[in-house]
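**Student:** Supplied in C-alpha cells, the structure appears directly below.
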Ligand code: ACO
C-alpha cells in the first residue's frame, strides 16, 4: 500500500480588509474587546466583489499548481470543503471544477463546518491509499462575510469570521512519511449551539418577514458552550491521533489547530503541555475562516520554515455539529 502525503499547499484571501476599528463603526464593539476575547485584529472580506468560495478556491489552486509545477490535467479528483457554498444545490465542487477547467473528474463536497479540512484530508488519504486516485486536490474555502449580521444583534459572531481559501495536493509516496492517521468525530446533540438554520428544506414559507426579523438566516453561536467543548475535544482528538501511532505529546513538532479563537488555541496548548511555539496561530490576521483556516495556517507555518521534512505535524479541528477531528502527519 502506498502512503499519502501533502505534496504542497497554497492559500488565497481577498484583498479587502476589515479591521476591528472598521467593525466598531458598524456595531457596538471595540478593538480592545475583540482582541482580548479572540486575538483577532483583522479579517479579509470579498466585500462587493461577488466572489464565492469556488472563486477563492480557483485563486488558491492556481497558485498551488504553479508552485508544484504540474498541469491541471493531472488532477484526478477534488474534495471541496465549505460551510458557505456558492449554491444551495449543487455543492461548490462542481462550480469550482467548471471554473478551473477540470475535465469530468469526480468532485466531492464536504460540509463539516470548521472540521471540513480534516474530514476532506481524511477522504483524500483513503482514496490515495486504496490507489483509486493519484493527484487529489483538497480545498477548504469559505465566504462568511456576506452572511454575517453586521449590527449590534450580530456582534457576538460577526467579529469572528473572515473569508479565504486553501488548496493542497494529496498524492502517493513510497517514502515512510505522509498522513499517518485521521480520527473523525461528531456529536449532533449540540447542533443548536452553533448553526445557521436557513435556507432549509424543512419548512414551507421559510423566507418570510417574520423569520427574517428573527435573524435565523444568520449564524447562531452559544459561545461559552462552544468554548467549553472545543478545548476538551481538541485535546482529546490530538491525543487519540498520537496514541494510535505510538506517539505522545513530546513527539509533536507542530500542531496546526483550526483557528477558532486565540484563547481556545492557548488553552489547548496549555492543556497539552507543549511549548507555545509548537502550536501555530495566525488568527490575528484572518479571523476564523472555518474550513479554510487549517490550510491557511499550514501554508504560513511552512512558509515561515516552522515545519521541516520528518516532523510530526498534527492538524486538529472542532466546529459546528459539534464535529471534530485530527490528522497526524509525518512531514
Ligand atoms: N463586542 C463587544 N461586546 C460583545 C461582543 C462584541 N463583539 N459580543 C458580545 N459582547 C458582549 C455580550 O453582549 C456580553 O455583554 P453583557 O455582559 O452585557 O451581557 C459580554 O460581551 C460577554 O458576552 P459573552 O458571550 O459571555 O462573552 P465571552 O466572554 O463568552 O466571549 C466569545 C465571547 C469570544 C465568542 C467566547 O464565548 C468564545 O471564545 N467562544 C468560543 C467560540 C468561538 O470562538 N467560536 C468560533 C467559531 S466556532 C468554531 O470555530 C469552533
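The values are calculated or read from the model by the stated rules, or taken from the named source; none is laboratory data. These numbers were taken from a predicted model, which means no experiment stands behind them. Positions of Cβ are generated from backbone atoms using ideal geometry, with glycine treated the same way; all protein chains shown enter the neighbour counts.
**Student:** Within the range 97-107, does at least one residue satisfy the condition of being more than 18 Å from residue 163 (Cβ to Cβ) and in contact (Cβ under 8 Å) with a residue 60 or more places away in the chain?
**Tutor:** Looking for residues that are more than 18 Å from residue 163 (Cβ to Cβ) and in contact (Cβ under 8 Å) with a residue 60 or more places away in the chain, one finds none in the range 97-107, hence no.
**Student:** Continuing with this model, one more query. Only residues that are touching a helix residue (DSSP H, G or I) at 6+ places or on another chain (Cβ under 8 Å) and outside any helix (DSSP H, G or I): list them for the range 288-305, please.
**Tutor:** Once the filter is applied, which keeps residues that are touching a helix residue (DSSP H, G or I) at 6+ places or on another chain (Cβ under 8 Å) and outside any helix (DSSP H, G or I), the range 288-305 yields 288, 289.
**Student:** Report, by residue number, each residue of the range 268-314 that is within 16 Å of the ligand (Cβ to nearest atom) and either surrounded by fewer than 17 Cβ atoms within 10 Å (Cβ to Cβ) or assigned by TED's automatic domain parsing to the domain that holds residue 109 (or both).
**Tutor:** Correct list: 270, 271, 284.
**Student:** Quick check: is even one residue across the range 258-267 in a strand (DSSP E or B), touching a helix residue (DSSP H, G or I) at 6+ places or on another chain (Cβ under 8 Å), surrounded by 17 or more Cβ atoms within 10 Å (Cβ to Cβ) and at pLDDT 95 or above?
**Tutor:** No, the range 258-267 contains no residue that is in a strand (DSSP E or B), touching a helix residue (DSSP H, G or I) at 6+ places or on another chain (Cβ under 8 Å), surrounded by 17 or more Cβ atoms within 10 Å (Cβ to Cβ) and at pLDDT 95 or above.
**Student:** Looking for whichever is closer than 21 Å to residue 3 by Cα and either assigned to a helix (DSSP H, G or I) or within 16 Å of the ligand (Cβ to nearest atom) (or both) here; the options are 240, 210, 236. Which one fits?
**Tutor:** None of the other options fit; the residue is 240.
Yes/no matrix, rows are residues, columns are (1) surrounded by fewer than 18 Cβ atoms within 10 Å (Cβ to Cβ); (2) free of Cβ contacts under 8 Å to residues at least 40 places away in the same chain; (3) farther than 30 Å from residue 328 by Cβ:
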site: 186; (1), (2), (3): yes, no, no
site: 210; (1), (2), (3): yes, yes, yes
site: 233; (1), (2), (3): no, no, no
site: 252; (1), (2), (3): no, no, no
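**Student:** Which of the numbered conditions does residue 165 fail, given that it passes all the others? Conditions: (1) surrounded by fewer than 24 Cβ atoms within 10 Å (Cβ to Cβ); (2) within 16 Å of residue 83 (Cβ to Cβ); (3) touching a strand residue (DSSP E or B) at 6+ places or on another chain (Cβ under 6 Å).
**Tutor:** That leaves (1) as the condition not met.
**Student:** Next question, about the same structure. Among the residues of the range 132-159, which ones are crowded, with 24+ Cβ neighbours inside 10 Å and more than 18 Å from residue 47 (Cβ to Cβ)?
**Tutor:** If the condition is that a residue be crowded, with 24+ Cβ neighbours inside 10 Å and more than 18 Å from residue 47 (Cβ to Cβ), then 136, 137, 138, 139, 140 are the ones that fit.
**Student:** Sticking with this one: Do you know which of the residues in the range 213-230 that are more than 9 Å from the ligand (Cβ to nearest atom) and under 21 Å from residue 34 (Cβ atoms) is farthest from the chain's Cα centre (by Cα)?
**Tutor:** It comes out as 215.
**Student:** Out of 246, 241, which single residue is under 18 Å from residue 180 (Cβ atoms), more than 18 Å from the chain's Cα centre (by Cα) and loosely packed, with under 14 Cβ neighbours inside 10 Å?
**Tutor:** 246
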